[in-house]
Amino acid sequence: MSDLLGIIAPLKKFLSKTEQKIYVPLSRDKEILSLSADRIYTIPDFQREIRWGNENVAQLIDDINSGPKYLGNIILTQHSDDRFSIIDGQQRITILTMILSCIKKYYDEQIDVFSPCKLEIESFSEFSNMLLKNFCKDLLEDKTVVQSDKLHQRYKYYYLWQYISKHPVITDQISAEKLLENLGKSTINIILNKSSDIGDGIRYFIDVNLKGKQLDTEDIFKSYLFKYDPGTEIRDEWYRFKENTTKADVLRMNYPLLKFLEHYFYCDLYKNEKYRGLEFGEDFLIKKEFKTREDNPKTFREGIHIIELIRNKTYMLNSLRNLNNAIEIMIEIVESRSTTQKFESYFEYQNGTGKKGKLDQVEIKIIHNIMGKVLKDSKTLPKALIMKYILSTLLSKDAQSKEALLKIYGVYVLAVLFTVFENKKSKDVLLSVLKADDTTWYSELINQINSYFSPDKITDTRLLAQYKLAANEEEEDYRFRCKSLATLYNFFRINGNKVSIVNGKAKQLYNFIANDDSFTVEHFIVSDTDSRTTIVVLDEKELDYEYEQKFYKKYVNSLFNFIFISRDLNSKLKNYWLPYKMSQRKLNDLECEYSRMYLANIKKLRSTMKKVPQDESQYKDKLDLYFSRDFKDQYVEFARIILKAVIEKIKTL
C-alpha cells in the first residue's frame, strides 16, 4: 500500500474551493496538507450509488444544527494536486455539498456562504451541472442527462434536493446561518492515500468497508470486478447489467441482481474442470479451502471472494456480456405477449447433413409461452434452468440441432416438478444440472426428472402438499403452476432420455396454454368470491355459507383448487358448492384431460362434503366443523392422488 496521511481538519477547509493549508495541531509552522484552489472531488465508479434517504439527511441536519460535530473519516486517493477520489464518506460529502449549494442558492447575498469544491460522480457525469441548475425538474429527461446517468440515480438526487430545499432549517435564514456556522466548525478525519494507481484506491476501499461491514454484496462484487479490470468495457457491461436487472425488476420477474450473478456462475464456471468442487455462498465468498484441479494447483483460503479466485478479467468481461445477452432474451419473453422476429431467429437449426431448418411456428410459440410461465413464477431458482438453456443452446456459437433446441421441454418439466414438490431448502435438486457442462447437463436434467418417479417422492408428497397449503404466495403463481401441472399431464411424455410433446398434440397444447376463453381457470372446491361465500343447495333450496377467513385464505388459491373449463361453463357454475357443481352434466364433456382426471378423483371428497349438512337446520355449524376438522386430511389425500396421477401419466409408456 502506498503512503497514507491522516489529519483531523475543519470541514470548511476540506469543502471550500479556495486554497487551504492544514497544519499540525498546535503548530502554525508545520504544514501537513495543502489543498489547491478549485480542486475537484470525484466519486469513482466502483462506489455504490447514493443510498441516503430523507431520514439520513434530516438526522445530519439536526445533528449539525445542535452544534459543531465530528463527522468521521473521509478517505481520499490523490491523483494530482487538484484531483481527489473519495474512497469512503461519499454519502456524507454528497449531502453536505448539496446542503451548501442550497444555502448558497437561497442566501448568497444575505449570508457569507463559502463555495464548495466541485463534486463529480463518474456514474452520473452531469451531476455537477444539475447541481448548478438546482436540479431543475425539466432537465431530468434531457438526453445528455439521461445518457450520463449510468445507474439511474438522477431522480433520487432530485428528491433529495427537494427535501433539502424545503427543510425548515434551510428555509429559515437565521436557522440556515446557524447551520452554516456549525458546519464550518465541524471536523473530519482526512485519510489521504497518495497513490495515483486506481487499483490501490479500490483495494483500500474494499479493505476499509469489509472490516466495517458497511458494503452490501453488490457493492463488494462491483469493487472486485473493477479492481481487476480498469477498462471501460467492463464498466459499460456493468451499467448494461444494472439496466437489465432494473428492467427485470419493473417486469416483476422476481429475479434479483445477485441471483442472476450467482446462477450464471453455477451455469458457466464449473464447465472448467479446474473449478470442480468449488463451493461459494450467496455473498460470493468461498465456503471452505479450495484447491484448483490443474497441473499446478493453487490453494485458496476460506472466505476469499470468487473474483479474486478467478482473477481473469477476460473471463469476467465475457461472463457479464453473456449474462446480459441471456437476461435480454428473458426480458423479451416476459414483456412480449407473443413471439418476435428476433426470438424466432434463435430457433433455426442444422441437421446432420448440414441442411438448415427452423422449428415449426406453433412449436416456437409453445416454447415462448412455457419459458414465460417459468420466468413469471415467483420461485427464483427454476429460472436458472431457463438461463442454462439460453446460455448452452440459444447463445451457443456452435450450430444447433433440432434436438438441442427441443431440450427446453425437459427444462420446463423439471421446473414445474421442482416448483410443485420442493421448498426453498431443496437447492441441490437443480445444482447438479446447472453445474454440468454443455454435453452432460441435459442427461443430468433427465436424471433429476426421473427421481420424481421414485416411490419415496410420492410418499413425501403428502408432507409437501401440506407445506404448499401453508405457503403464503400470490394467487397468480398458483394459477400458473396449476396450468403448468395440467400441461404436463395433458401433453408431455418422457421417452427414454428425452422429454417430448405427445405426437400430434402440438396445436392442442398451444390452444390449451394460449386460449383463455376455452380454458379459463375455475376455483372448483372453494369458490373465489369477495364475500367468501358459497351457495349450498339442499332440497333444491339455495343457502349462503360464509367460509371462515383463515380457511378461505388457505385453500381458495391452493394448487389443487383449479380445473380448466370454458368461459361459458365457468360463468354458469358461479360460486355454488362442490356437490352442486359436480351434478352439472356439462362437466362430462370437458376438453382438458387433466380436468377430467381431477373430477374422477374428487368424487370421494364430494360425497363426504354432501353428507355433512343433511338438512337446513344447523347446516352452517355442521359445515364449520367439517371444514375445521375433517377437510384438511381429505384435501391433502386428494392432492397426493392428483400428483401421483400426473407423475404416472408422464412416465415412459
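The values are calculated or read from the model by the stated rules, or taken from the named source; none is laboratory data. Everything numeric here is computed off the predicted structure, so don't read it as measured data. Here Cβ is always computed from backbone atoms with ideal geometry, including for glycine, and neighbour counts include all displayed protein chains. Surface areas here come from the heavy atoms of the whole protein model, side chains and all, with no ligands, DNA or RNA. Shrake-Rupley method; radii C 1.70, N 1.55, O 1.52, S 1.80 Å.
Points to keep in mind about this one:
- Using only side-chain charges placed at the Cβ, +1 for Lys and Arg and -1 for Asp and Glu, the dipole size of the chain relative to its Cα centre rounds to 1760 debye.
- When R479, R301, R567, R337 are compared by accessible area at a 1.4 angstrom probe, the order from most to least is R337, R301, R567, R479.
- Evaluating 6.51 cos²θ - 1.76 cosθ + 1.60 at θ = phi - 60° for every residue in segment 517-522, the Karplus couplings come out as 6, 7, 9, 6, 8, 10 Hz, glycine and proline recorded as x.
- Heavy atoms of W577: accessible area, 1.4 Å probe, square angstrom to 10: 10 Å²
- Longest exposed-site-free window of the chain, the sites being GluC sites (Glu not before Pro) in a DSSP loop that have at most 13 other C-beta atoms within 10 Å: 303-473
- Once the Cα-Cα distance is subtracted from the 0.36 nm per residue extended length, the R567 to S80 segment shows a gain of 168.1 nm.
- Of all DSSP-defined beta bridges confined to segment 35-103, some 60% are antiparallel rather than parallel.
- Local net charge near T187, Cβ-Cβ under 11 Å (Lys/Arg +1, Asp/Glu -1): +4
- Given charges at beta-carbon only (K, R positive; D, E negative), |dipole| of segment 46-160 in Debye: 220 debye
- Its Cα centre serving as origin, segment 311-435 has a Cβ charge dipole (Lys and Arg +1, Asp and Glu -1) of approximately 400 debye.
- Computed from the Cβ-Cβ distance with R0 of 25 Å, the FRET efficiency linking N272 to S401 stands at 0.55.
- Take every pair of alpha-carbon atoms less than 8 Å apart whose residues are at least six positions apart; their mean separation over the length of segment 59-120 yields a relative contact order of 19 percent.
- On the basis of the beta-carbon distance and an R0 of 25 Å, N296 and N318 show a calculated FRET efficiency of 0.60.
- Probe 1.4 Å, all protein chains present, accessible-area order of L140, L406, largest first: L406, L140
- Residues whose amide H falls under 5 Å from that of E120, counting only those 5 or more places apart or on a different chain, are Y41, T42, I43, with hydrogens built in the peptide plane.
- Accessible area (Å², per residue) of the chain, counting only protein heavy atoms and a probe of 1.4 Å: 46 Å²
- Virtual spin-label span in nm between I304 and Y155, 7 Å along Cα→Cβ: 4.2 nm
- Answer label for Cα Rg over 2.2 N^0.38 Å (calculated), chosen among [x] 1.10; [y] 1.22; [z] 0.97: [y]
- DSSP bridge pairs, the chain: antiparallel proportion in percent, nearest 5: 75 percent
- Pairs exceeding a 20 Å alpha-carbon distance, out of K150/K222; K402/K483; K247/K407; K356/K397; K274/K298: K402/K483; K247/K407.
- At the residue level, K574 shows approximately 130 square angstrom of accessible surface with a 1.4 angstrom probe and all protein chains present.
- Over the chain: helical MRE at 222 nm, DSSP H runs n ≥ 4 each giving -39500 (n - 2.57), nearest 500: -15500 deg cm²/dmol
- In order along segment 168-177, phi translates into HN-Hα couplings of x, 5, 7, 6, 9, 4, 5, 5, 5, 5 Hz, rounded to whole numbers, per the Karplus curve 6.51 cos²θ - 1.76 cosθ + 1.60 with θ = phi - 60° and x for Gly and Pro.
- Ranking L590, T18, Q361 by how far each Cα lies toward the positive end of the dipole of the chain (charges on Cβ) leaves L590 at the top.
- Ranking W441, I61, F46 by Cα position along the charge dipole of the chain, where only Lys, Arg, Asp and Glu carry charges on their C-beta atoms, puts W441 farthest toward the positive end.
- Expressed as a whole percent, the accessible area of the chain that falls on carbon and sulfur atoms is 45 (1.4 Å probe).
- Formal net charge of residues neighbouring L317 (Cβ-Cβ distance under 11 Å; K, R +1; D, E -1): -1
- Nearest 10 degrees, 0 to 90: helix 361-376 Cα axis against the chain principal axis: 60 degrees
- The antiparallel fraction among DSSP beta bridges confined to segment 56-188 stands at about 90%.
- Once the Cα-Cα distance is subtracted from the 0.36 nm per residue extended length, the N515 to E540 segment shows a gain of 5.5 nm.
- Stretching T608 away from F114 to a fully extended chain increases their span by 169.5 nm, per 0.36 nm per residue minus the current alpha-carbon distance.
- Pairs of Lys residues in segment 13-82 are counted when their Cα atoms are under 19 angstrom apart and they lie 8 or more places apart or on different chains; the count is 4.
- Derived scalar couplings ³J(HN,Hα) [segment 553-562; Karplus, 6.51 cos²θ - 1.76 cosθ + 1.60; whole Hz; x for Gly, Pro]: 4, 6, 10, 4, 10, 6, 4, 9, 9, 10
- Cα lying deepest toward the dipole's positive end in the chain, options M371, I190, Y159, charges on Cβ: M371
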